[in-house]
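Q: The structure follows.
The values are calculated or read from the model by the stated rules, or taken from the named source; none is laboratory data. Keep in mind that what you see is a predicted model, and the values were worked out from it rather than measured. Cβ coordinates were reconstructed from backbone atoms using ideal geometry, including for glycine residues, and neighbour counts include every protein chain displayed. These accessible areas exclude ligands, DNA and RNA; they are computed on the full protein's heavy atoms, side chains included. Shrake-Rupley method; radii C 1.70, N 1.55, O 1.52, S 1.80 Å.
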Amino acid sequence: MGENINNGGGYADLEKQMLILHDHEEKHFMSSEIVRDIIIGVSDGLTVPFALAAGLSGADVSSSIILIAGVAEVAAGAISMGLGGYLAAKSEADHYVRELKREQDEIVAVPDTEAAEVAEILAQYGVEPHEYGPVVNALRRNPQAWVDFMMKFELGLEKPEPMRAIQSALTIAFSYIMGGFVPLLPYMIFPIAKEAVVASVILTIVALLIFGFAKGYFTGSKPFKSAFQTALIGAIASAAAYSIAKAFQAF
């Protein structure tokens, strides 16, 4: 009687641990996708309009024209980047569906081959034949779990969220807009481009440092190194655009 109670308690603990692990994986997967989209959007949003505004400032164009060009670029860039994110996520979802169909067909057409692949995968993790034998048999009795196992461990594919493509498009586009208006803000305040470009450089470099630090923090890399690299890339891009505009103006 006591042994049954202990076994029941053990199974309950195991179920609880599996639920906790499942919740953790889901949150981790979602957060990584969203963070990636934000990084893509903000990174390009800060850099491209910054370089454009710096280049036009080098050509001695008025702040109003730079602002109009910058807003147009931000709008076009947000649409383009959002569409790119949508197409990328849609392609991933389509690829998952194709591979899922292939695995479903294979466990019916060549079940012994697929079972051998399961055994091979488990053996790579140090599981002995007498240990993975029951696992293989259990999966053969559950075709859906078998397919899910092959998708994750053979192909390394996770099932995408149904709204992933739209979510990616909106996240990237919104992030691009938020980043893009940072270097343009001084041109809304200072009517003279030479004054505005100085303020834009300072404001954008600070924003790039903050963004780079946050990117490093959330992606697990060195935050200060990430901040320096991000700011350096933005500074190089804007300096190149400004210098090219000045060079062409000299002709």
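Q: Which of Ile79, Ile68, Ile121 ends up with the largest GNM mean-square fluctuation for the chain, with Cα atoms connected below 10 Å?
A: The residue that fluctuates most here is Ile121.
Q: Restricting to Cα pairs below 8 Å that are 6+ residues apart, what does the relative contact order work out to for the chain? Please round to a whole percent.
A: Once divided by the residue count of the chain, the mean separation gives 36 percent.
Q: Let me ask another. Rounded to the nearest percent, how much of the accessible area of the chain (1.4 Å probe, protein heavy atoms only) is carbon and sulfur?
A: Here carbon and sulfur together make up 68 percent of the probe-accessible area.
Q: Separate question: For region 177-251 and region 83-154, what is the centre-to-centre distance using only Cα atoms, to the nearest Å?
A: First find each Cα centre; the distance between them is then 46 Å.
Q: Continuing with the same structure: Helix-derived [θ] at 222 nm for the chain: sum -39500 (n - 2.57) over DSSP H runs of at least 4, divide by residue count, nearest 500?
A: Calculated from helices alone, the mean residue ellipticity at 222 nm is -31000 deg cm²/dmol.
Q: In whole Hz, what ³J(HN,Hα) sequence does region 146-156 give by Karplus (6.51, -1.76, 1.60; θ = phi - 60°), x for Gly and Pro?
A: Rounded to whole hertz, the list is 4, 5, 4, 4, 5, 5, 7, 9, 8, 9, x.
Q: Another one. Please identify the GluC sites (Glu not before Pro) of region 111-189 that satisfy two criteria: DSSP loop assignment and at most 15 other Cβ atoms within 10 Å. Which are they?
A: Glu158
Q: What does the charge dipole of the chain about its Cα centre add up to, to the nearest 20 debye, if the Cβ of each Lys and Arg holds +1 and the Cβ of each Asp and Glu holds -1?
A: That gives a dipole near 1380 debye.
Q: Further, regarding this structure: Can you pull out the trypsin sites (Lys or Arg not before Pro) in region 62-164 whose DSSP state is coil and whose Cβ has at most 10 other Cβ atoms within 10 Å?
A: Arg141
Q: With the other protein chains left in place, how much accessible area per residue, in square angstrom, belongs to region 100-217 at a 1.4 angstrom probe?
A: Per-residue value: 57 Å².
Q: While we're here: May I ask you to list, by number, the DSSP H helices of the chain whose Cα span along the axis is at least 30 Å and whose average Kyte-Doolittle hydropathy reaches 0.5 or more?
A: 164-189, 193-219, 223-250
Q: Still on this structure, please answer the following. Under a Cβ-Cβ cut-off of 13 Å, what is the net charge of the residues other than Asp112 that fall near it, where Lys and Arg count +1 and Asp and Glu count -1?
A: Local charge sum for Asp112: -3.
Q: Something else: Given H placed 1.01 Å from N in the peptide plane, which residues other than close sequence neighbours of Leu157 have an amide H under 5 Å from its amide H?
A: Lys152
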